[in-house]
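The values are calculated or read from the model by the stated rules, or taken from the named source; none is laboratory data. Keep in mind it's a predicted model, so treat the numbers as computed, not measured. All Cβ positions, even for glycine, are placed from backbone atoms using ideal geometry, and neighbour counts span all protein chains on display.
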Amino acid sequence: MIEKREVHLAAAYSGLSLLVLFLILAVLVKLHSPIVGTIDQFGFRLAESVTSPFGIEIAKMMTTFGGPIPNTIFAVVIATIFWFWHKKDASLTLLVSYFTGSVLALMAKLVIQRPRPVDPLQHNHGFSFPSGHMVTTTLLILLVTVLLMRYMQHEALQVVLWMFALAWILIIALSRVYLRAHYLTDIIGGGLFATGFVLLTVLFKPLVMHELNDMRKK
């Protein structure tokens, strides 16, 4: 249990660190820091250098599946599967963590109120920071992956699952900048927030429950 406790503590500290970095970036965005502008212009220049009609269509298709609405539907469906698979704790963890994280990210959008990039290749509504696509995709993929790890015994399957998870998150992240639907810092902010939130809430939870059980025994 000591080794597991150290892992959970490391996850909690990592999660807190990522959330602090998110807050720092949010402040820089709100204050229109030149550093943020430099990062965003780099992202757009890189995207423009590889833009093509075929690439635009592929990016639009990918980003459609990674939107907040599809992700929310996927979260509910997967949670339902967990429930009927008699994994009720996983089902509730997925739903509570996903919706809590999504609402907090939406609140951040309303506080920062960053306008969208001008002349996007795909029009979107709402504020820009943090990216809703990035937040909900990262929340969903990481939550499902972490929860499935509890029931997977074969390391090869775990590696394949993690490779798929990280690849899909990267695809959605790149597609949003490629379509000029988000600034690069919107994507970075969404990734920092969602990853930190999952590390702090899901991986830290077993440690909290263990400590509470120890207190009850005493």
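Starting from the stretch 176-193, keep only residues that are on the phi < 0 side of the Ramachandran plot, then list their pairs with residues that are surrounded by 24 or more Cβ atoms within 10 Å (Cβ to Cβ) and basic (Lys, Arg) whose Cβ atoms are within a distance under 9 Å, requiring at least 6 positions of separation or different chains.
Note: pairs meeting the criteria are HIS182/ARG176; ASP186/ARG176; ILE187/ARG176; GLY190/ARG176.
Say whether the condition of being loosely packed, with under 15 Cβ neighbours inside 10 Å and within 30 Å of SER52 (Cβ to Cβ) is met by at least one residue in the stretch 129-150.
Taking every residue of the stretch 129-150 in turn, none turns out to be loosely packed, with under 15 Cβ neighbours inside 10 Å and within 30 Å of SER52 (Cβ to Cβ).
Can you find a residue that is at pLDDT below 95, assigned to a helix (DSSP H, G or I), under 24 Å from PHE42 (Cα atoms) and out of contact with any Ser or Thr (no Cβ under 7 Å at 6 or more places or on another chain) anywhere in the stretch 139-153?
No: the stretch 139-153 contains no residue that is at pLDDT below 95, assigned to a helix (DSSP H, G or I), under 24 Å from PHE42 (Cα atoms) and out of contact with any Ser or Thr (no Cβ under 7 Å at 6 or more places or on another chain).
Just one of THR38, THR80, THR64 is polar (S, T, N, Q) and modelled with pLDDT under 90; which is it?
Going through THR38, THR80, THR64 in turn, the sole match is THR64.
Can you pull out every residue in the stretch 100-118 that is of a type outside the set (A, V, I, L, M) and either part of a loop (DSSP other than H, G, I, E, B) or in contact (Cβ under 8 Å) with a residue 24 or more places away in the chain (or both)?
THR100, GLY101, SER102, GLN113, ARG114, PRO115, ARG116, PRO117
Can you pull out every residue in the stretch 148-197 that is of a type in the set (D, E, K, R) and over 23 Å from VAL118 (Cα atoms)?
The answer is ARG150, GLU155.
So how many residues does the stretch 69-102 have that are closer than 18 Å to HIS133 by Cα, surrounded by fewer than 20 Cβ atoms within 10 Å (Cβ to Cβ) and of a type in the set (S, T, N, Q)?
The total comes to 2.
So the check is Cβ under 9 Å with 6+ separation or different chains; which pairs have a first residue in the stretch 6-31 that's over 12 Å from LEU199 (Cβ atoms) and a second one that's among the hydroxyl-bearing types (Ser, Thr, Tyr)?
Partner pairs satisfying both residue conditions: LEU25/THR185; VAL27/SER33; LEU28/THR185; VAL29/SER128; VAL29/TYR183; VAL29/THR185.
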